[in-house]
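In what follows, a structure is listed as structure tokens, so that the remarks can point back to it.
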């Protein structure tokens, strides 16, 4: 399955996530992670409930030593009512902090159950910025035994989640600070034009998700990237640089680079906040130093806040499926879009039935 992902053309899949069930129940998980690294995956993740990470001394270090990059931690709230595993999660986060293994919190947001804690989850992540790299809010999808009444009562959409963010963060973080996933496409164009190597292109449907970054200050306050940078102007500049670089030639290349840096400086200068030194340090390393690995440093100086709404049979959209960027790999060498695997045609049960192991 991993080889199918790495054989993709023109760009091998750069990331793989081991999910479940609970992947830490496998005693060979570390070996699987090592295999993924050996096969060339730059980013290896697990989606976990955190129980074993919290309760087993040394397990977090074992995961780190095997090559794991990120733990996607199920985290539905900051109170016992919304998150019965809160104490376990806090212990797991502490153990992951000790070994410097990054965490992304993954709350399933349900109307009337935990949507009132969206802001508190963000504040929890800010407080633990030394280990938490991001939050990926996932509005509930009704792919199991849900009734029509459940849908009416519990459905929440991406715009409604972002309304909760704005209200509960007292306007520090606003709904308009979030951008749809495909907005990052200019970066792929720029890196491809600059390096001459094909890049992953996140051309997912605009309704699949939205995201932003906030910078955490020394006093614990947060500054959305939109306050530091005129984001629309910045994206426009990136697109213009990419177009000029595509024309080729060494002179054109450096001319486009210098002009682009000047324009980016203007977009940063127009931001609402004056503290842009960290942002410019990363940009300098990336463009002037030709070190695109420096972009990884961005995640250690900022908090990603995103939301992704997986589909169910009540809102299934073929256009979204055809542009899916997240796939399941199956043992027979197929790649199935995430939402198709779990809803719509529902391939999950077919795959389970075909590859189930009989009890011995």
Odd one out for residue 50, checked against (1) at pLDDT below 95; (2) at positive phi; (3) touching a strand residue (DSSP E or B) at 6+ places or on another chain (Cβ under 9 Å) | (1)
Only residues that are under 27 Å from residue 107 (Cβ atoms), in contact with a helix residue (DSSP H, G or I) (Cβ under 8 Å, 6 or more places away or on another chain), free of Cβ contacts under 8 Å to residues at least 40 places away in the same chain and not in a loop (DSSP other than H, G, I, E, B): list them for region 31-47, please.
-> 33, 36, 44, 46
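Against the definition (assigned to a loop (DSSP other than H, G, I, E, B) and either touching a residue at least 60 places away in the same chain (Cβ under 8 Å) or within 17 Å of residue 43 (Cβ to Cβ) (or both)), how does residue 111 come out, yes or no?
Details: assigned to a loop (DSSP other than H, G, I, E, B): yes; either touching a residue at least 60 places away in the same chain (Cβ under 8 Å) or within 17 Å of residue 43 (Cβ to Cβ) (or both): no.
Taking the combined requirement at face value, the residue does not satisfy it.
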If residue 137 satisfies every condition in (1) part of a strand (DSSP E or B); (2) closer than 19 Å to residue 311 by Cβ; (3) out of contact with any helix residue (DSSP H, G or I) (no Cβ under 6 Å at 6 or more places or on another chain) but one, which is the exception?
-> (3)
Scan of region 147-159 for residues that are more than 17 Å from the chain's Cα centre (by Cα) and either touching a residue at least 12 places away in the same chain (Cβ under 8 Å) or on the phi > 0 side of the Ramachandran plot (or both), ordered by number = 151, 153, 154, 155, 156, 157, 159
Here is a list of conditions, (1) in contact (Cβ under 8 Å) with a residue 40 or more places away in the chain; (2) assigned to a loop (DSSP other than H, G, I, E, B); (3) surrounded by 14 or more Cβ atoms within 10 Å (Cβ to Cβ); (4) over 19 Å from the mean Cα position of the chain (by Cα), and residue 53 meets all of them except one; can you say which number that is?
-> (2)
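The values are calculated or read from the model by the stated rules, or taken from the named source; none is laboratory data. The structure presented is a predicted model; accordingly, all values stated were derived computationally and were not measured. Here the Cβ is made from the backbone with ideal geometry for all residues, glycine too, and neighbour counts use every protein chain on show.
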